[in-house]
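Undergrad: Dropping the structure in here first, questions after.
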Amino acid sequence: MAPNPITCHILDTTTGKPAANVVCSIYKVYIGEGNDDQDQLIETQEAQILARARTNDDGRIPLWVFNPDMSQRKLLATNGIQEADQELQWRELKPGYYKIRFQTGLYFKSQGQTNFHPFVDILFHIDNGSRHYHIPLLLSNYGYTTYKGS
């Protein structure tokens, strides 16, 4: 498997340029299904952080940085992340729910600008662990959009 089966990038649409140096975190999300007597609901029960990184000058995450703490090894291994060549690598992408949290408030603050969203969470579902998933974020001070990239 490629080192990054899940990638992302950010374009600052206020400038038309990539958003560099944005802290992003990727989580495994556990959900439960509820029922409100009319519609079935999907609710987030828990989210566990797997890795964190900063976007590069092109607004992309070149490599996720996994928590090296030995107490996290079981969580990482359960999600297909194992040590190889003396570093933690994504060896297998497990199906399930994930989210990427983009620290947009800190980014705009570093640009000397105000913004409305302190962070943006994009929750998505992986149904085929052998595919690559790309999560783009188009960002402005007061709004954002995303789509399933390729």
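Every number in this text was worked out from the coordinates using simple rules, so none of it is lab data. All of these numbers come straight from a predicted model, not from anything done at the bench. Glycine also receives a Cβ, built like all others from the backbone with ideal geometry; neighbour counts cover every protein chain displayed.
Undergrad: How long, wide and thick is the chain, going by the Cα atoms along their three principal axes, in whole angstroms, largest first?
TA: Reported extents, whole Å, longest axis first: 52, 41, 29.
Undergrad: Across the chain, how many lysine pairs, 8 or more positions apart or on different chains, have C-alpha atoms separated by under 14 Å? Please give the number.
TA: Details: K28/K74; K28/K94; K28/K99; K99/K148.
Total qualifying Lys-Lys pairs in the chain comes to 4.
Undergrad: Using Cα pairs closer than 8 Å and at least 6 residues apart in sequence, work out the relative contact order for segment 4-150, in percent. Let's see the in-between values first.
TA: Working: 302 pairs, mean separation 40.9, N = 147.
Contact order relative to length: 28 percent.
Undergrad: Separate question: Would you mind working out the magnitude of the charge dipole of the chain relative to its Cα centre, with +1 at each Lys and Arg C-beta and -1 at each Asp and Glu C-beta, to the nearest 20 Debye? Kindly include the intermediate steps, with their values, before the conclusion.
TA: Working: 14 positive and 16 negative charges, 103 e Å.
Dipole magnitude for the chain comes out near 500 debye.
Undergrad: Report the net charge of residues surrounding C24, where surrounding means a beta-carbon distance below 13 angstrom and charges are Lys +1, Arg +1, Asp -1, Glu -1. Walk me through the numbers on the way to the answer.
TA: Details: positive: R52, R54, R60, K99, R101; negative: D121.
Cβ neighbours under 13 Å give a net charge of +4.
Undergrad: Distance in nm between label sites at K109 and E87, each 7 Å beyond Cα in the beta-carbon direction?
TA: It works out to 3.0 nm between the two label points.
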